[in-house]
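Scroll down for the structure; my scribbles are underneath it.
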Amino acid sequence: MTLEISQKIVDAILEQSRAEYPDECCGVVLGPVGADKALRLKPMINSAHSPTFYEFDPKDLLALYREVDDNDEEIVVIYHSHTETEAYPSRTDIAYAGEPGAHYVLVSTRKEIAPATEFRSYRIIDGVVTEEPVVITA
Amino acid sequence: MTIEVRIPTILRPYTKDQKAVSAEGATLSAVITNLDSNYAGLGERLLENGALRRFINVYINDEDVRFLGGLEAPIKDGDSITILPAVAGG
């Protein structure tokens with residue numbers, strides 16, 4: 001598997017992660033059902049407001065799924081930022097990963113690599129993490 | 001009384017890939033017991049030590065059951081239950 005995603009969406013996710021620093025930021029990228037195309041960025045509120053945890057508010061989560069259903073879309077990417085560690089799924093990320101069809105994107109804005117950033121994508125299925133290539137399109 | 005329960009992708013292996021199933025019960029607890037008797041193993045994915053799992057969200061119509069009495073939340077004819085895994089991590 002490969003994640004194809006536009007530079008514009010990548011830039012917007014990185015911008016969100018900087019804006020919400022030191023808290024983790026989170027959100028989804030949606031696309032038409034069955035197409036595996038990450039087209040529509042939808043930032044979400046991290047209801048944990050924490051530098052070490054993120055969670056979509058349960059009410060926002062239901063609204064998101066309703067919206068996605070109504071639009072014949074699906075959640076293609078679930079992303080969040082790591083503010084002090086590398087862009088690799090943490091133990092809790094793996095334990096709570098509940099969307100076997102989604103690309104889990106991690107970005108890192110940790111100081112050690114600034115001004116560079118990391119943007120990496122994974123499948124997380126039954127506790128197994130598989131990194132996949134990211135192709136950034138114009 | 002029969003109500004509809006919407007099943008998230010990750011739990012569909014328990015429901016033979018059905019996105020929605022029927023269940024019966026006057027409370028959420030009874031509905032989960034009924035679900036588990038028809039779809040073995042599903043109850044275990046929703047409950048832990050007799051309580052709803054922290055990272056499973058259950059809604060009756062548009063309301064989070066945590067605000068409706070949790071497992072004791074009453075179920076009425078025509079209600080719809082939606083189960084969604086939390087989107088969360090560290």
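Just so it is clear, none of the values below were taken in a lab; they were calculated from the coordinates. Just so it is clear, the model here is predicted, and its values are computed rather than measured. Using ideal geometry, Cβ is built from the backbone for each residue, glycine included, and neighbour counts are taken over all protein chains shown.
Charges only on Cβ, +1 for Lys and Arg, -1 for Asp and Glu: so what's the dipole of region B:2-85 about the Cα centre, in debye to the nearest 20?
Computed charge dipole of region B:2-85: roughly 300 debye.
Loop only by DSSP, 14 or fewer other Cβ within 10 Å of the Cβ. Give me the trypsin sites (Lys or Arg not before Pro) in region B:40-90 that pass, ordered by residue number.
B:54, B:76
Can you pull the three principal axis extents for the Cα set of chain A, in Å, largest first?
Principal extents (largest minus smallest coordinate, Cα): 41, 33, 29 Å.
Want the number for residue A:128 to residue A:63: 0.36 nm per residue separation, take away the alpha-carbon distance, what's left?
20.5 nm
If the only charges are +1 at each Lys and Arg Cβ and -1 at each Asp and Glu Cβ, what is the size of the charge dipole of region A:1-120 around the Cα centre, to the nearest 20 debye?
240
Tell me, what HN-Hα J-couplings in whole Hz come from the Karplus equation 6.51 cos²θ - 1.76 cosθ + 1.60 at θ = phi - 60° for each residue of region B:42-51, using x for Gly and Pro?
Once rounded to whole Hz, the list reads 5, x, 4, 7, 9, 10, 9, 6, x, 10.
Pull up the cross-link candidates among the lysines for residue A:37, meaning alpha carbon to alpha carbon under 24 Å and not fewer than 8 places away within one chain.
Cross-link targets: A:8, B:19.
In terms of modelled amide H atoms, which long-range or inter-chain residues lie less than 5 Å from the amide H of residue A:46?
A:26
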